[in-house]
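**Student:** Structure in structure tokens, see below.
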Amino acid sequence: MATHVKRAFKYRFYPTDAQAAELSRTFGCVRKVYNMALAARTEAWARQERVNYNTTSAMLTAWKKTGELAYLNEVSSVPLQQALRHLQVAFTNFFAKRARYPHFKSRKKSRKSAEYTTSAFRYRDGKLTLAKMSESLDIVWSRPLPEGAKPSTVTVSQDAAGRWSVSLLCEDPAVKPLPAHEQAVGIDVGLDHLLTLSTGEKAANPRHERRDRGRLARAQRKLSRKAKGGGANRARARRKVARIHARITDRRRDHLHKLTTRLVRENQTLVIEDLTVRNMVKNRKLARAISDAAWSEFRSMLEYKAAWYGREVLAVDRWFPSSRLCSNCGTLAKAMPLSVRSWTCGGCGAVHDRDVNAAKNLLAAGLAVSVCGAGVRPQRRTPGGQSATKQKASQREP
């Protein structure tokens, strides 16, 4: 049966002065409505009252009728309603303990974006026109949309570097499950090498942030010397810093996309370690290197692409001693400092590369989970993977 996967196709565009002004007003109104609704829901929660999307939508109607907030009528109402829906999702995730309590959007730090549904835009003959605009957007179509694509939502955003982007959510019929096969691989992430596979292959760590560290430091020093207060010189210096950060992020994301796509295409089962990156970055000596490696983003890409193409991703418990366990005989070494990159097993005398041995052990543990629910457990369900609830407590290691 054909799958219907929705994908977001993102493009750069260059607005006219009038379009830029209209979008900037919309971003401001979206932020204002979101913050006001969050404040209202927070106050109601303190009084133990229930406030949902419908209630905040009625509040928005009342706000528009006041003289102080009459300017909300000047922009399209759809992005404002979408902001309330996003807030509802945020609260749903919070109550389900999947996320923290929603926070207020900052004018300087929060992402500038607005989401339009089908009633607020027109896409025809490769031209996109948003509500409240008479001209279509000047989009750079870097790749074609799927044939006959009908966008369901359009999200316009501007990043800290001043770049304008539009993202069109469409069904992509080209995304179909790949033919199944028996190939499986264990993946150990690291810093010296970004990835080490159970096959012995190692993927180099490009260290994108380190490559531009000098340029970034110079730009940040220039920014620190500019007087605070919103002057034009400080704004230009801030954009220069943001452009360097954007360059680093784009390179990193491009590299991870290529790497994860290849792994998903070549392997039916992929086994990774369930690392808590948010705790690991608290180590001051390794925080910058771990953030640059982007292990969380790697895992996220691997999981959603596996779901697209009919693959399986298994996450092995973070406490499983993959580095200290001999993949040849099963002997467990007593200690294994990070400085030890190769070691000899005291049981069978096998000489191991630390990372390759860990990847082999992850693969074996993951396959054991998949086949018979053995002792090593995933922490959470991954797309197409095994659920921890399927394993009995008596089978788990202490």
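The values are calculated or read from the model by the stated rules, or taken from the named source; none is laboratory data. Small disclaimer: the values here were computed from a predicted structure and weren't measured. A quick note on method: Cβ atoms are made from the backbone with ideal geometry, for glycine too, and the neighbour counts reach across all protein chains shown.
**Student:** Is the range 185-208 home to any residue that is under 26 Å from Trp308 (Cα atoms), modelled with pLDDT under 90 and assigned to a loop (DSSP other than H, G, I, E, B)?
**Tutor:** no
**Student:** Only one residue in Phe13, Phe27, Phe9 is under 23 Å from Thr129 (Cβ atoms), surrounded by 13 or more Cβ atoms within 10 Å (Cβ to Cβ) and touching a Cys at 6+ places or on another chain (Cβ under 9 Å). Which one? Write out each step before concluding.
**Tutor:** Details: Phe13 fails: touching a Cys at 6+ places or on another chain (Cβ under 9 Å); Phe27 fails: touching a Cys at 6+ places or on another chain (Cβ under 9 Å).
Selected residue: Phe9, the only one of Phe13, Phe27, Phe9 that is under 23 Å from Thr129 (Cβ atoms), surrounded by 13 or more Cβ atoms within 10 Å (Cβ to Cβ) and touching a Cys at 6+ places or on another chain (Cβ under 9 Å).
This table checks each residue for (1) of a type in the set (A, V, I, L, M, F, W, C); (2) assigned by TED's automatic domain parsing to the domain that holds Glu115; (3) without any contact (Cβ under 8 Å) to a residue 40 or more places away in the chain.
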| residue | (1), (2), (3) |
| --- | --- |
| Ala37 | yes, yes, no |
| Val51 | yes, yes, yes |
| Ser76 | no, yes, no |
| Asn93 | no, yes, yes |
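**Student:** In addition: Out of curiosity, is Leu168 farther than 25 Å from Cys29 by Cα and either in a loop (DSSP other than H, G, I, E, B) or not small (Gly, Ala, Ser) (or both)?
**Tutor:** Considered against the rule, which asks whether it is farther than 25 Å from Cys29 by Cα and either in a loop (DSSP other than H, G, I, E, B) or not small (Gly, Ala, Ser) (or both), Leu168 comes out as no.
**Student:** For the range 252-270, which positions are more than 15 Å from the chain's Cα centre (by Cα) and among the basic types (Lys, Arg)? If you could, list the steps in order and put the result at the bottom.
**Tutor:** Restricting attention to the range 252-270, the residues satisfying the condition of being more than 15 Å from the chain's Cα centre (by Cα) are 258-259, 261-270.
Those that are more than 15 Å from the chain's Cα centre (by Cα) and among the basic types (Lys, Arg): Lys258, Arg262, Arg265.
**Student:** Please count how many residues of the range 137-152 are buried (at least 18 other Cβ atoms within 10 Å of the Cβ) and free of Cβ contacts under 8 Å to residues at least 40 places away in the same chain.
**Tutor:** 1
**Student:** Of all the residues that make up the range 297-332, how many are surrounded by 15 or more Cβ atoms within 10 Å (Cβ to Cβ), in contact with a Leu (Cβ under 8 Å, 6 or more places away or on another chain) and not charged (D, E, K, R)?
**Tutor:** 13
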